[in-house]
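**Q** To start, I am sharing the structure in question, which I have written as structure tokens.
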Amino acid sequence: MANTSKNAATPSAKRRRARPLAEGIATLTAAIKTLPSSPGVYRMLAASGEPLYVGKARNLRKRVTSYIQIPRLPVRLLRMVAETTALEVITTHTEAEALLLESNLIKKFEPRYNIQLRDDKSFPYILLTTAQKWPRAIKYRGSRGKDGEYFGPYATAGAVNRALDSIERAFLLRSCTDAVFANRTRPCLKYQIKRCSAPCVGHVDAAGYAALVGQARDFLSGKSSQVPAGLAQQMEAASNAEEFERAARLRDRIRALAALQAHQDINLEAAGLDEADIIAAHAAAGQVCVQVFFFRGGRNNGNRAYFPRHLRDSSTAEVLTAFIGQFYDNKQPPRVVLLSERLAESALIAAALTQKAGHAVALLAPARGAKRKLVQHALDNARDALARKLSEGAAHADMLSRVATVFSLQASPRRIEVYDNSHISGTGAVGAMIVAGPEGFEKSSYRRFTIRAEEAISPGDDYAMMRQVFNRRFARALKEDPERILGQWPDLVLIDGGQGQLNAAAETLDALGVKDVALVAIAKGPDRDAGRERFFQPDRAPFTLDARNPLMYFLQRLRDEAHRFAIGGHRAKRSRAIVANPLDEVHGIGGRRKKALLHYFGSAKAVSRAGIEDLERVMGISHAVAKRVYDHFHGVG
């Protein structure tokens, strides 16, 4: 199936060839004859194989039939039906299963007519490694494959880092790796600053350390009031026994817990909740912000704002419904989810989340009381976040308009591609392309190009590297999207360089027959002084902008992002080259044989000098393999 484009809903996508509505209706009518009346998921496909829409249904036949009832369809659905050339279906046992599958497929294929959650990253947890003799509390992100107890999620890495900092101070658990722990002969600095109990050198016995671990578990599990009270009793007892040093340590631990709890500006006690997510959506100016707050163990684990992609006529309830399904596709749902408004499919969503979580999940939309106050707080945050985004978007739109004016474009660019190369004296050369659009940097569209040495590029020849990058980028664009209907062609290309790089790019595009892509090269001024950049365009004298012009700063940001991305690719390539092993190049030598050879001879260099008989002495190395290794290093064959 063809890859879908994240920019497919842009005006460039609207230039696609119009297809008669009657043809789309005929496609669906023919498909309906063979559709079952069971639950399932359906996919509407365009002529290119691109998924247009993914939907779920309790009754597939009835649901798809609704798309040929033309008077009832809004304009966007009429457009979607007209573009449909094929229909694919997957049946499920229940509608809840169909809902879960629908969310998964939407995230996988990103259909143009679906509401889509973007930037859906995993959240960090605190992992208490209780399977170890001396457990530690660490930040963990990913699938729960490690033994131990997980607490979270936390909205950001900063939130979990702050929690771990306070946990170290309060419970004195080790944070070092097992290797460091096993080789300590004296306490590290963390013991000196009262952030570890130093179990590595026996400053606390197993029973005492287990008690600290139990207190940390209780606190993370929500028993936050019991732990400080217990420590306070121990402090008072130590003080009465005139063990003032121990009493001072307990006092410091109580203060650390108080500092952790002081960040909790909201608590769930008044609402009678212990574990909940609060999800609120606010709409304005054709956009929707969804704010999610995480509460676990009675504590606020932070919040995050999302801006799902949707068509302008989508209601807030539609966006919220689609968001919940996709949000929990790769996350464990809590027992309670509080929503800012009631959804038409609340019961179905709750059933699907219950099936996924393995425990009952309730979706509530409180209208009053303590729960409503929690939702209102999230709603206020959603409103503020959307206001900030709209303000930033207006400023960004103004910058794009200025770009069009300065570089004589017909309209504000919706896709800007910026190119740069990175290498050291021609070695490890990497080309990079970053993309910016109306909503800022589009990191999913970034690309790196490994410069191919077989094309006889002289070391350090930036012009030849630029030609290769442009030839590969635009030759592929001509092949995959010759009609420019997928939103992947740039309206403006920026090149980090001067007149030479501009000429190389222009010559390459001209040879490919691409005549209408605007090219601009941006070169640093004398002494590579930022703020004195010069701009080069075909058939135009070089010019500069006032260093205080906001547009200059905007263009510098684009250039610097491409430079950062190119350097990152070069460094990664260089690091791989450093750790590369010559044995990796020998055909038929896998990890096990490579390990056996290195263990026997000590190094790859020693292997390269060995004779066939010597190689045969290694376990797992037959005569044929030994000869292959020998021939590789001695240039035979």
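**Q** Just check the range 582-634 against the gyration tensor rule for me: Cα atoms, a ≥ b ≥ c as the square roots of the eigenvalues, rounded for a/c under 1.5, and otherwise prolate or oblate depending on whether a/b exceeds b/c.
**A** Here the range 582-634 falls in the rounded category.
**Q** Also, quick follow-up: Starting from the 7 Å offset along Cα-to-Cβ, what nm value, one decimal, do you get for the label separation of residue 237 and residue 606?
**A** So the label points at residue 237 and residue 606 sit 5.9 nm apart.
**Q** Mind jotting down the distance between the C-alpha centroids of the range 589-637 and the range 318-370, whole Å?
**A** When both Cα centres are located, 59 Å separates them.
**Q** First check a/c for the chain, with a ≥ b ≥ c the square roots of the eigenvalues of its C-alpha gyration tensor; if it is under 1.5, answer rounded, and if not, answer prolate when a/b is larger than b/c or oblate otherwise.
**A** In terms of gyration-tensor shape, oblate.
**Q** With charges only on Cβ, +1 for K and R and -1 for D and E, what is the dipole size of the range 416-564 about its Cα centre, in debye, rounded to 20?
**A** 200
**Q** How far apart, in nm, are the 7 Å Cα→Cβ label points at residue 165 and residue 33?
**A** 6.9
**Q** Name the long-range amide H neighbours of residue 532: under 5 Å, sequence gap of 5 or more, or other chain; modelled H, no Pro or chain starts.
**A** 525
**Q** Find the relative contact order for the range 134-251 and round it to a whole percent, using C-alpha pairs within less than 8 Å whose residues are 6+ positions apart.
**A** In percent, rounded to a whole number, it is 21.
**Q** Here's a follow-up. Separation of the range 461-495 and the range 125-162 by C-alpha centroid, Å?
**A** 44
**Q** Set Lys and Arg Cβ to +1 and Asp and Glu Cβ to -1, take the dipole of the chain about its Cα centre, and tell me which of 185, 231, 606 lies farthest positive.
**A** Towards the positive end, the residue furthest out is 231.
**Q** Same structure, new question: Taking H as built 1.01 Å from N, whose amide H comes closer than 5 Å to the amide H of residue 136, not counting residues under 5 places away?
**A** Amide H neighbours of residue 136: 129.
**Q** Along the positive direction of the dipole of the chain (beta-carbon charges: Lys, Arg +1; Asp, Glu -1; about the Cα centre), which of 435, 537, 273 reaches farthest?
**A** Toward the positive end, the furthest listed residue is 273.
**Q** Multiply the residue separation of residue 634 and residue 72 by 0.36 nm, subtract the distance between their alpha-carbon atoms, and state the gained length in nm to one decimal.
**A** 194.7 nm
**Q** Right, next: Would you list the membrane-span-like helices of the chain, meaning whole DSSP H runs whose alpha-carbon atoms span at least 24 Å along their axis and whose mean Kyte-Doolittle value is at least -0.5?
**A** 244-262, 369-406, 550-579
**Q** Explain nothing, just the number: relative contact order of the range 582-634, from Cα pairs under 8 Å at least 6 residues apart, as a whole percent.
**A** The value is 36 percent.
**Q** With +1 assigned to the C-beta of every Lys and Arg and -1 to the C-beta of every Asp and Glu, and no other charges, what is the dipole magnitude of the range 316-411 about the Cα centre in debye, to the nearest 20?
**A** Charge dipole, the range 316-411, about its Cα centre: 420 debye, nearest 20.
**Q** Further, regarding this structure: Write down the radius of gyration of the range 96-167 and its Dmax, each obtained from C-alpha positions, in Å.
**A** 16.7, 53
**Q** Given the peptides 351-364, 484-497, arrange them by the average over their residues of other C-beta atoms within 10 Å, most packed first.
**A** Per-residue Cβ counts within 10 Å, averaged per peptide and sorted highest first, yield 484-497, 351-364.
**Q** Further question: About its Cα centre, what dipole magnitude does the chain give when the only charges are +1 on Lys and Arg Cβ and -1 on Asp and Glu Cβ, stated in debye to the nearest 20?
**A** Once rounded to the nearest 20, the dipole reads 640 debye.
**Q** What is the packing order of peptides 477-483, 314-320, taking the mean over residues of other C-beta atoms within 10 Å and listing the highest first?
**A** Per-residue mean Cβ counts within 10 Å order the peptides as 314-320, 477-483.
**Q** Using only the Cα atoms of the range 153-241, build the gyration tensor, take square roots of its eigenvalues as a ≥ b ≥ c, and label the shape rounded, prolate or oblate: rounded if a/c is under 1.5, else prolate if a/b is larger than b/c, else oblate.
**A** Cα axes put the range 153-241 in the oblate bin.
**Q** Through the Karplus equation 6.51 cos²θ - 1.76 cosθ + 1.60, θ set to phi - 60°, convert the phi angles of the range 187-197 into ³J(HN,Hα) values in whole Hz; use x for Gly and Pro.
**A** x, 8, 4, 4, 5, 5, 9, 6, 10, 7, 8
Coordinate-derived values only; no laboratory data. Predicted model, so just to flag it, every value in this text is computed and none were measured. Every residue, glycine among them, receives a Cβ derived from its backbone with ideal geometry; neighbour counts consider all protein chains shown.
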